Amino acid sequence: MQEETGGIEGDLPENQAGAGDMTPEPSGGVPLPEGEVPERAAQEGPAGQTEQNEEVKKIEESKDQLKFPEEELETEEEQEIVRRRANMNLDDETALLEAVLFLESEPQDVETLARITRFSEDVVSECIERLKEKYESPDSGIEVSMVLGGWLLTPKKACFDLVKERYGKKNEGRLSRSAIETLSIIAYSQPITRAEIESIRHVNVDAMMRLLLDRKFITEKGHKDIPGKPTMYGTTDEFLNFFHLQSIKDLPQLDEKESERFELAR
């Protein structure tokens, strides 16, 4: 006995014994006698079957699109970023470096800028030169300046002099969040080495150290008695005056979590 897909298994009546005498219903239901065609199949014919097949195909495609949409989107975004980076020319690279300099509140050296932008140091240097030329235009009020060994976007002196009364004192007394965090680590953990500071902050602190040394908030406090004899740093009287403290003992008490964090890095 031959089994028809989607049909009923069992013995056939004598007048329907031949498999060739059977016409299966398109939907896979009960076999019908020869010559009896379902009403829908008779109306649709080959064209109707084609439409049905296309509809099934669309449903399957829709199901595939529903599989892990977040992962596919993330992959697509990553691929798009890779593609955009691969197609960048010098104009694009200069624009990206300009954006980074605008977003950074502290001077950044070429090595750091190369790490942030994922450009080579040669490309970063070339982009800086292009920005210098761009800002030479008389209708530009900013320029790229070397400050404490790093590059920074700054207002041109001729422009700044005209608004210094409003912005001068504000900028002179301002410290970025990064500078404040670095200074806090030194104040609470002094004397402390540069490497120990970086182990707490998990970032390079060269620019912050130069800034704090230039502002005379910190100073060298000898060398640590370990291999390499690294320099140790501590705060100054200028630091106390700036924050209106009589002594280091007047610093706010650290909570337990912060104290443990500072100690683990020593």
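The values are calculated or read from the model by the stated rules, or taken from the named source; none is laboratory data. Fair warning: this is a prediction, and the values are worked out from it, not measured in the lab. Ideal geometry is used to build each Cβ from the backbone, glycine not excepted, and the neighbour counts take in all protein chains shown. Protein only, heavy atoms only, side chains kept; ligands, DNA and RNA dropped before computing areas. Shrake-Rupley method; radii C 1.70, N 1.55, O 1.52, S 1.80 Å.
Checked against (1) touching a Leu at 6+ places or on another chain (Cβ under 6 Å); (2) open to solvent by less than 50 Å² (accessible area, probe 1.4 Å), Met208 passes all but condition (1). Candidates Asp237, Asp206: the one that is among the acidic types (Asp, Glu) and under 36 Å from the mean Cα position of the chain (by Cα) is Asp206.
Within region 119-131, the set of residues being open to solvent by 30 Å² or more (accessible area, probe 1.4 Å) and either among the acidic types (Asp, Glu) or not in a helix (DSSP H, G or I) (or both) comprises Ser120, Glu121, Asp122, Glu126, Glu129. Within region 72-118, the set of residues being more than 16 Å from the chain's Cα centre (by Cα), free of Cβ contacts under 8 Å to residues at least 60 places away in the same chain and not in a helix (DSSP H, G or I) comprises Asn87, Met88, Asn89. When both residues are 6+ apart or on different chains and their Cβ atoms are under 8 Å apart, which pairs have a first residue that lies in region 208-220 and is over 16 Å from Glu181 (Cβ atoms), and a second that is assigned to a strand (DSSP E or B) and among the hydrophobic types (A, V, I, L, M, F, W, C)? These pairs meet every condition: Glu220/Met232.
State which residue is farthest from Ile116 (Cα to Cα) when the search covers only region 211-241 and only residues that are open to solvent by 20 Å² or more (accessible area, probe 1.4 Å), aliphatic (A, V, I, L, M) and touching a strand residue (DSSP E or B) at 6+ places or on another chain (Cβ under 8 Å). Step by step, filter region 211-241, then rank; the result is Met232. Only one of the numbered conditions (1) of a type outside the set (A, V, I, L, M, F, W, C); (2) in a loop (DSSP other than H, G, I, E, B); (3) more than 18 Å from Gly150 (Cα to Cα) is violated by Asn204, and that is (3). Of all residues in region 174-188, those that are outside any helix (DSSP H, G or I) have Cβ atoms under 6 Å from Cβ atoms of residues that are not small (Gly, Ala, Ser), 6 or more apart or on another chain, in Ser176/Glu106.
Among the residues that make up region 155-171, is at least one of them surrounded by fewer than 19 Cβ atoms within 10 Å (Cβ to Cβ) and touching a residue at least 60 places away in the same chain (Cβ under 8 Å)? No, region 155-171 contains no residue that is surrounded by fewer than 19 Cβ atoms within 10 Å (Cβ to Cβ) and touching a residue at least 60 places away in the same chain (Cβ under 8 Å).
Given the structure, is Thr182 of a type in the set (S, T, N, Q), touching a strand residue (DSSP E or B) at 6+ places or on another chain (Cβ under 6 Å) and either open to solvent by 40 Å² or more (accessible area, probe 1.4 Å) or closer than 29 Å to Val147 by Cα (or both)? Spell out how you get there, then give the answer.
Working: of a type in the set (S, T, N, Q): yes; touching a strand residue (DSSP E or B) at 6+ places or on another chain (Cβ under 6 Å): no; either open to solvent by 40 Å² or more (accessible area, probe 1.4 Å) or closer than 29 Å to Val147 by Cα (or both): yes.
For Thr182, the condition - of a type in the set (S, T, N, Q), touching a strand residue (DSSP E or B) at 6+ places or on another chain (Cβ under 6 Å) and either open to solvent by 40 Å² or more (accessible area, probe 1.4 Å) or closer than 29 Å to Val147 by Cα (or both) - is not met.
If the condition is being at pLDDT below 95 and farther than 23 Å from Ile81 by Cα, then region 112-131 contributes no residue at all.
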